[in-house]
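Contents: one structure, followed by commentary.
Any read-out appearing in this document is the output of simple, stated calculations on the displayed coordinates, not a laboratory observation. Computed from a predicted model, the values in this text were never measured in an experiment.
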Amino acid sequence: MIIASETIKGARITLQKAVKSFLQAQKHNDEVHKSLPELSPWLCWAKEEYSIEDSYDYLQGCEETWKKGTEFNYMILDKDKNFMGTISALNISEKDKSLEIGYWLSTPYTNQGYMQEAVKLMEKEFFGLGINRIVIRTDVLNKKSANVPQKLGYVLEGIQRQSQWSGADEKFRDINVFSKLRSEYEQNLQA
């Protein structure tokens, strides 16, 4: 079983294991609601009805999947420990040495390179733990989300046609599949 660090420090941000508390649920919920116009087209759970209870249930689920080693969900915190969003290692396959990274960032923190830094921290952590392949999937219409793997040298493997249902516009969406291999990551470190 993979055992990930509970805290990963970067230059401007820290990734901290998601903690189950009512205070964190409130912060999580506040940032989701600040960012609904930007999140709701892409994330099915990001809607006006999303409640503090939903945030708390999410955090409880994070704690359970962490213990099982099936997902590692991190809060993204700035230097002042303000909650900025989340980044997660999902769909972990120990057999195939692969995982997927999923993320969202609160609107006030976008377009400042924070998510690129968060993904780099995840790469360092998980490639260091023996993962061979990291995948990032983005809706083809979500240009901001796709910019992250593109700027970090991920390879666009292809587009999964109509592979995800969107409740936002009641239709199937095409999904980009980006990946980076540990050998590519190590080669970039040496360059």
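Summary of values
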quantity: Hits among aspartates and glutamates - C-alpha to C-alpha of LYS95 under 16 Å, sequence gap 8 or more where chains match; calculated: GLU71
quantity: Helical mean residue ellipticity (222 nm; -39500 (n - 2.57) per DSSP H run of 4+; nearest 500) of the chain; calculated: -10500 deg cm²/dmol
quantity: From phi via Karplus (6.51, -1.76, 1.60), per-residue ³J(HN,Hα) for the range 65-76 in Hz, x at Gly/Pro; calculated: 5, 4, 4, 7, x, 9, 8, 10, 9, 10, 7, 9
quantity: Scattering curve values for the chain, log₁₀ I(q)/I(0), Debye with Cα scatterers, q = 0.10, 0.14, 0.15 Å⁻¹; calculated: -0.39, -0.81, -0.94
quantity: Reachable lysines from LYS151, criterion Cα separation under 25 angstrom, eight or more residues apart if same chain; calculated: LYS9, LYS79, LYS97, LYS120, LYS124, LYS143, LYS180
quantity: For the range 148-161, Karplus couplings with θ = phi - 60° (6.51, -1.76, 1.60), whole Hz, Gly/Pro x; calculated: 4, x, 4, 5, 9, x, 6, 9, 7, 6, x, 10, 7, 6
quantity: The range 2-18 - phi-based ³J(HN,Hα) in whole Hz, Karplus 6.51/-1.76/1.60, Gly and Pro as x; calculated: 6, 10, 8, 5, 7, 9, 10, 9, x, 5, 10, 9, 10, 9, 10, 3, 4
quantity: Partner lysines for LYS67 [C-alpha distance under 18 Å; skip if fewer than 8 residues away on the same chain]; calculated: LYS17, LYS20
